[in-house]
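Notes for the one structure printed next.
FYI, it's all coordinate maths here, none of it is from the lab. What you see is a predicted model, and the numbers here were worked out from it, not measured in a lab. So basically every Cβ, Gly included, is an ideal-geometry build from the backbone, and we count neighbours across all protein chains shown.
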Amino acid sequence: MKLHILLCVLFTTCLLNLTESQVRKKDGQSLGERVQQLMDMNLKRSVLRFNGNKFRDFVKSTPRNYSVIVMFTAMAPQRQCSICRHAHDEFQIVANSFRYSQAYSNKLFFALVDFDEGPDVFQMLRLNTAPVFMHFPAKGKPKQSDTMDIQRVGFAAEAIAKWIGERTDVQLRVFRPPNYSGTVALILLFGLVAGFLYLRRNNLDFLYNKNCWAIIAVFFCFAMVSGQMWNHIRGPPFVHKASGGGIAYIHGSSQGQFVLETYIIAVLNGAIVLGMILMTEAASHKGDVRKRRILAIAGLVLVATFFSLILSIFRSKAHGYPYSFLFK
Amino acid sequence: MVPDSGGYLRTSSSSGWKSLITFTVLLLAWISGFSSRLFAVIRFESIIHEFDPWFNYRSTAYMVKNGFYNFLNWFDERAWYPLGRIVGGTVYPGLMITSGSIHYILHSLNIPVHIRDICVFLAPVFSGLTAIATYLLTKELWSAGAGLFAACFIAIVPGYISRSVAGSYDNEGIAIFALQFTYYLWVKSVKTGSIFWACMASLSYFYMVSAWGGYVFIINLIPLHVFVLLIMGRYSDRLFTSYTTFYILGLLLSMQIPFVGFQPIRTSEHMAAAGVFALLMAMLVLKYLQSILSRAEFKYFFILAASIAAGVVFFTVVVLTYAGIIAPWSGRFYSLWDTGYAKIHIPIIASVSEHQPTTWFSFFFDLHILVTTFPVGLWYCIKNITDERVFVVLYALSAVYFAGVMVRLMLTLTPVVCMLSGIAFSRLLELFLKEEQNPSQSTFSDSDDEANGDKGSSRMYDKAGKLRKMKHEQQKEADGLGVNIRSIVIVAVLMMLMMFAVHCTWITSNAYSSPSIVLATYSQDGTRQILDDFREAYYWLSQNTASDARVMSWWDYGYQIAGMANRTTLVDNNTWNNSHIALVGKAMSSNETEAYKIMLSLDVDYVLVIFGGVIGYSGDDINKFLWMVRIAEGEHPKDIRETDYFTDRGEFRVDSEGTPTLLNCLMYKLSYYRFGDLRLDYRTPTGFDRTRNVIIGNKYFDLTYLEEAYTTEHWLVRIYRVKKPDDFNRPRIPVSERKIKRSKIFIPKKQTNKRKKGLIKNKPVVVKGKKPSRVS
């Protein structure tokens, strides 16, 4: 309640002094003024945007009784920082969860410094990468552990909140705005399928087409057997730059795999299956003997070649595996 | 390895021959499957492997000793100290009952076999039964030849051997048999529509429920089968009879298992079966109404009833779930659907390597050529669809999905892959091995209705012996492919199958035949050295500690300590209580003072750690340590922080770069106590850890609250005694006032193993205020 009144008061003063306060020179402000300004700015947006001057005023100046979590980033398109966008979204989620939570207070602020708006800040802190999350505690200088280790924990909103909890004792519960896009896409898809079926309701023969179903089933098997689920969960790189300068398509150990590698395996599996089916069809059908012989041979070649290929890839990953077929 | 026995059949009246060959092939499959699972027994000894099997063995031994009812009421006070565990109500008793009854039968026949040997050899024996069940199921689905192929495949495929080598006495060993047999009986009952087969299916289902938690797979797959059949418009009275019988009987029987209890009517995992049951009833009502109502009326009624029913069902489920009457999806099951769930919410699930997703490498490793050919079988099953083939298609698709999500569920994929590959190979070889005198048979005919000799004999194709004869005989070619092409294809396919057999044996021998409690190393000249440190340590515990001593260790070793040392443990592999495990994790990751408080509150007498730094064993506690920290952090975020154990660069290192928190935590100290003095060989400095290839960071330190009690030969297991509060901090009594005057105080500086043993045995137990029992 108290906070609420405070906010109202702040808001009115803010409206009155808005133009004035922006023009006014900012050195020599007292702590109270600075907190007020921060609160004002925080009303408008949960993540404050700082340039070099503001950064010095609000973050570097002493004394402070508030901590600031600052994200240093480079959002401008010409910087080509693709993960900065994701990091910004996650950071925004955390800041919003704090802004609208019970724990909201003037002890903690979220701020953002873009490289193009405050390159001097980057120089001052000797930062040459982005994004970087730093915590500026109320007392003292930021220590080594006040920089979040995004290499290790990532920058998901939960990870940021956990890190903030460790550094500031403000336990945040991340509230993600519910993501309806998946649901909408699903509904849209179902709608499309239903509409399609309705339009073609007089001609539903394709539903009874066994080839169609068989192909769907077999492709599903290829996807699963080639480890797409692993890709989905672990998110490996597409390919990897080998140490010699070339590109490694196949992961060297049996514990991992690349995305392209799984596609290759899926294709190899598909070729073997195709070969088997060709051979079987060649022997089971009636008709031109010559054509069927060619089919049978083609099937055999497919099976033998691609099976030995898959075996040799397997062999290259399993160190010490002794067997190979046709070629090593 | 694929047993290709039997001769070439030319006689047409040969049902005798046919059954003889079937019998021989199955027998050989059984024998080869059994013998390829014996690597561990031959290399080491007849011993129970790994972790969970030790618990199963312990409970089996308890049951054999005390009888079944005492087993059901068994409260095990030696586990989860101080909580204890109600064993009878928290296990699937099928495994124990199976081996217990085998033991009973053998003993009533005056064949004195120790229960341990029954436990060790149970899984290999059941693999033969699995092969037979697979044969029967595939025979129902396709043909007898495909069945023989499938039986041979499953007998030796590594995906199944991984869970059923001799000594791996675990639920899965018998559960796969129960799974396949239930499916066989189900398919049989759908085909015949007889109540008898449906009853048999539910009895087999009962056995499965008693054996393994994976029964959930059955109770979801069979309703799915029924549901898809309904959608496909394949409703029949046979289906109605078999499903209703199976469901009701299976439901009642499954609730008889104490561990399952009322779950089948309360949890969401089982709701699909109930829903399909209701749907089948509604279907029957509709069929009846259709026969008495006019078309327009029926349509109106159908739409109305369908929407009302859907609404009612939906709201009932929502309300019941909300009210807590139907439990929501349990965590482990949920992690199958939302794969990110487990990673975020349940570190203890994520820490188990079996719950990781599967790479293509593991698929190929476990299934070899089968994984590349089973889609062919799937293809032909869909092309020639029947009621029961719908089942195998659904089985394959769901199992391949689950296997992709979790390595462990490769086990449920393996049987269906064997069956479908069996179909693919049998179809291929059937066509290529067939003589071309009667071309009418080259088209595929459904095997269901063929039973008698003329065709039947020609189905016995998958025999190596056939090959040679055919080359001699086949000369003329009407519209066949010709001898050359056919023999090339046959030879190539047989070569690949041989590769499969060789692969299976190699994988079994190299990857799946290590008991993991006895380690073997090979020196330069090829001689083998057995490291038996685990049993040494457990034996020491059983001989040198009080029988009610409480041993703290990480949960992996709980079952082994209980099983081999027969001592009380704090946590074990039945990870039901996360907070208790987190407490142990907290003790391990705190410093000595903090840890001592926890250990005092838990009444810990001994602490056991696994340390591989001397021999380079990678599965030791330091390598598992981060999981302890993570699990502890989940429950005690204020006290334990994972970041404290990482260096600034985010690395986990135990050398001098490591963080002070790590270098002073209990686990570090217990692992590396006195290790700083040890020089392993003259090329490396002292304190060189062979597992992590670093010199440890904190070499010289003393333990305040614990003392070393025992360290095994290769330092693999280290046991520490927790000092009682009166063991230290006592006011020092001047020598002149002492009642017992010791001339020489032995200071253990550099001990040899022998010396150390003696020290502990002869050490006077000085309890404050009591007269010492022995004076040295």
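Structure summary
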| item | result |
| --- | --- |
| Residue A:251 long-range amide H proximity, modeled H, under 5 Å | A:258 |
| Extension reserve of the residue A:53-residue A:284 stretch, reckoned as 0.36 nm per residue once the Cα distance is removed | 75.0 nm |
| Net charge dipole size for the protein assembly as shown [Lys, Arg +1 and Asp, Glu -1 on Cβ; Debye, nearest 20] | 2440 debye |
| Kirkwood-type radius of the protein assembly as shown, with distances r between different C-alpha atoms, in Å | 34.1 Å |
| Calculated SAXS-style log₁₀ I(q)/I(0) at q = 0.10, 0.12, 0.13 Å⁻¹ - chain A, Debye, Cα scatterers | -0.82, -0.97, -1.05 |
| Likely footprinting exposure, B:548, B:603, fewest C-beta neighbours within 10 Å first | B:548, B:603 |
| Per-residue average of Cβ from other chains inside 10 Å of A:259-270 | 2 |
| Shielding by partners, peptide A:282-288 (average Cβ within 10 angstrom, other chains) | 5 |
| Space enclosed by the convex hull of the alpha-carbon atoms of the range B:23-76, per residue, Å³ | 127 Å³ |
| Percent RCO, i.e. relative contact order, over the range B:531-727, from Cα pairs under 8 Å lying at least 6 residues apart | 24 percent |
| Cα Rg over Rh - the range B:61-199, Kirkwood | 1.06 |
| Residue mean of other protein chain beta carbons inside 10 Å, A:140-148 | 1 |
| Cβ-placed point charges (K, R +1; D, E -1), dipole of the range A:210-317 about Cα centre in debye, nearest 20 | 240 debye |
| Nearest-20 debye value, the range B:531-727 charge dipole, Cβ charges on Lys, Arg, Asp, Glu | 140 debye |
| Long-range HN-HN contacts of residue B:568 with modeled amide H, under 5 Å | B:549, B:551 |
| Charge dipole (the protein assembly as shown, unit charges on Cβ, about Cα centre) - positive-most of B:622, B:239, B:514 | B:622 |
| Sequence of B:481, B:370, A:192 once ranked by neighbouring C-beta atoms within 10 Å, starting from the fewest | A:192, B:481, B:370 |
| Whole-Å semi-axes of the range B:531-727's equivalent ellipsoid (Cα gyration tensor) | 24, 21, 15 |
| Charge dipole of chain A about the Cα centre (unit charges at C-beta), most positive-ward option of A:318, A:221, A:186 | A:318 |
| Structure-based [θ]222 nm, the protein assembly as shown - -39500 (n - 2.57) summed over DSSP H runs of at least 4, per residue, nearest 500 | -18000 deg cm²/dmol |
| Least to most buried among B:277, B:153, B:374 (fewest other Cβ within 10 Å first) | B:277, B:374, B:153 |
| Relative contact order (%) - the range B:559-663, alpha-carbon pairs under 8 angstrom, separation at least six | 22 percent |
| Over 32 Å between alpha carbons, listed pairs B:188/B:287; B:188/B:434; A:60/B:624; A:141/B:597; B:597/B:624 | A:60/B:624; A:141/B:597 |
| Most fluctuating residue given options A:69, A:313, A:160, as computed from a GNM of chain A linking Cα atoms under 10 Å | A:313 |
| Built amide H within the under 5 Å cut-off of residue A:68, gap 5+ | A:109, A:136 |
| Derived scalar couplings ³J(HN,Hα) [the range B:263-271; Karplus, 6.51 cos²θ - 1.76 cosθ + 1.60; whole Hz; x for Gly, Pro] | 3, x, 10, 10, 9, 5, 4, 9, 6 |
| FRET efficiency estimate (nearest 0.05) - Cβ-Cβ, residue B:192 to residue B:624, R0 51 angstrom | 0.45 |
| Highest-fluctuation residue, A:55, A:122, A:238 considered, GNM on chain A with Cα pairs under 10 Å | A:238 |
| Among the listed pairs B:139/B:299; A:210/B:299; B:586/B:699; B:638/B:723, those beyond 32 Å (Cα-Cα) | B:139/B:299 |
| With eigenvalues of the C-alpha gyration tensor scaled by 5 and rooted, the range B:231-320, Å | 29, 18, 8 |
